[in-house]
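Undergrad: Below is a structure I'd like to ask you about.
The values are calculated or read from the model by the stated rules, or taken from the named source; none is laboratory data. For clarity, every value in this text was computed on a predicted model and none was experimentally measured. Note: ideal-geometry Cβ built from the backbone for every residue, glycine included; neighbour counts use all protein chains shown.
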Amino acid sequence: MHLYVVRHGETWANAEQRYLGSLDPALTETGRQQARALSDRLPENLDVLVVSPRVRAVETASILNERLQLSPRIMECFRERDVGVFEGLTQAEARERYPQLWSQNITRRWDVGPTGGESIADVVKRVRDGLVELGSSHASKTVLLVAHGFVAKVIRALAKGDFSDFYDWQLANGNLLVLEHVEIPVLDTDALKETLPQG
């Protein structure tokens, strides 16, 4: 499977650098412009369009699909990471409101997440399961997946089998990650924990 991963265009929360996991805002005008610009750079040979259920991803996919004319498939497993009580906050606000959680570096812990949110392990498992499903049903296809920043980080790390640069690598809004010949091993995701930098 060839996989093209798109991070949705900008939303108001992205512009203000706020945590945006389960929140569901639409794109800003800048975000729509980013999607239109990306549409011109996509290859012609895309076979399958898969989309996160979040409005920002659906709207981005809709703009891209004006040219592609594919039948989008919504997959819940590719939604953004839910960061619980940090949702909608800037890092400074999260640190001020939840100092105990913040002091635990809670968003970078493998097995636990912010109160009411998901751990890294939770997201890795559901994204891995989604990729395995895509790989089995579209093994020889080129798939366009419109999703989110954290999801893109997870997909890239799973494709590499290595999380060592997980915190450093970022996919900007309205940008594209190209992964060719993706094969996701069906393995215990906790085995990858050892490659994740501490802290």
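Undergrad: Return the pair list, or none, for Cβ contacts closer than 6 Å from residues in the range 157-183 that are closer than 11 Å to THR195 by Cα to residues that are aromatic (Phe, Trp, Tyr), at least 6 apart or on different chains.
TA: From residues that are closer than 11 Å to THR195 by Cα, the pairs are ALA157/PHE163; ALA157/PHE166.
Undergrad: What number of residues in the range 150-179 are charged (D, E, K, R), within 22 Å of SER52 (Cβ to Cβ) and at pLDDT 90 or above?
TA: Residues flagged as charged (D, E, K, R), within 22 Å of SER52 (Cβ to Cβ) and at pLDDT 90 or above within the range 150-179 amount to 2.
Undergrad: Given the criteria within 18 Å of HIS8 (Cα to Cα) and surrounded by fewer than 22 Cβ atoms within 10 Å (Cβ to Cβ), does PRO53 qualify?
TA: So PRO53 passes the test.
Undergrad: For the range 16-59, which positions are farther than 21 Å from GLU80 by Cβ, assigned to a loop (DSSP other than H, G, I, E, B) and either touching a residue at least 12 places away in the same chain (Cβ under 8 Å) or in contact with a strand residue (DSSP E or B) (Cβ under 9 Å, 6 or more places away or on another chain) (or both)?
TA: Once the filter is applied, which keeps residues that are farther than 21 Å from GLU80 by Cβ, assigned to a loop (DSSP other than H, G, I, E, B) and either touching a residue at least 12 places away in the same chain (Cβ under 8 Å) or in contact with a strand residue (DSSP E or B) (Cβ under 9 Å, 6 or more places away or on another chain) (or both), the range 16-59 yields ARG41, LEU42, PRO43, ASN45, LEU46, ASP47.
Undergrad: What pairs can you find where one residue is in the range 61-81 and under 18 Å from ASN45 (Cβ atoms) and modelled with pLDDT under 95, the other is surrounded by 15 or more Cβ atoms within 10 Å (Cβ to Cβ) and of a type outside the set (A, V, I, L, M), and their Cβ atoms are less than 8 Å apart, with a gap of 6+ or different chains?
TA: Close Cβ pairs satisfying both conditions: ARG67/SER39.
Undergrad: Hey, can you tell me all the residues within the range 118-171 that are among the basic types (Lys, Arg) and either under 15 Å from the mean Cα position of the chain (by Cα) or closer than 18 Å to LEU46 by Cβ (or both)?
TA: Correct list: LYS125, ARG126, ARG128, LYS141, LYS153, ARG156.
Undergrad: Taking the stated definitions as given, is THR115 in contact (Cβ under 8 Å) with a residue 24 or more places away in the chain and touching a Leu at 6+ places or on another chain (Cβ under 9 Å)?
TA: Yes.
Undergrad: Of the residues that make up the range 27-40, is at least one crowded, with 17+ Cβ neighbours inside 10 Å, within 20 Å of GLU76 (Cα to Cα) and not hydroxyl-bearing (Ser, Thr, Tyr)?
TA: Yes, the range 27-40 contains at least one residue that is crowded, with 17+ Cβ neighbours inside 10 Å, within 20 Å of GLU76 (Cα to Cα) and not hydroxyl-bearing (Ser, Thr, Tyr).
Undergrad: Another question, if that's okay. Looking at the range 72-79, can you tell me whether even one residue there is touching a Pro at 6+ places or on another chain (Cβ under 7 Å) and among the aliphatic types (A, V, I, L, M)?
TA: yes
Undergrad: Here's a follow-up. Whether any residue in the range 178-199 is touching a strand residue (DSSP E or B) at 6+ places or on another chain (Cβ under 9 Å) and under 22 Å from LEU20 (Cα atoms) is what I want to check.
TA: No, because not a single residue in the range 178-199 is touching a strand residue (DSSP E or B) at 6+ places or on another chain (Cβ under 9 Å) and under 22 Å from LEU20 (Cα atoms).
Undergrad: Something else: Only residues that are out of contact with any Asp or Glu (no Cβ under 9 Å at 6 or more places or on another chain), surrounded by 17 or more Cβ atoms within 10 Å (Cβ to Cβ) and not in a loop (DSSP other than H, G, I, E, B): list them for the range 92-123, please.
TA: ALA94, LEU101, ILE106, THR107, listed by residue number.
Undergrad: Still on this structure, please answer the following. Please work out which residue is surrounded by the fewest Cβ atoms within 10 Å (Cβ to Cβ), limiting yourself to the range 136-151 and to residues that are touching a Leu at 6+ places or on another chain (Cβ under 9 Å) and more than 18 Å from ILE74 (Cβ to Cβ).
TA: THR142
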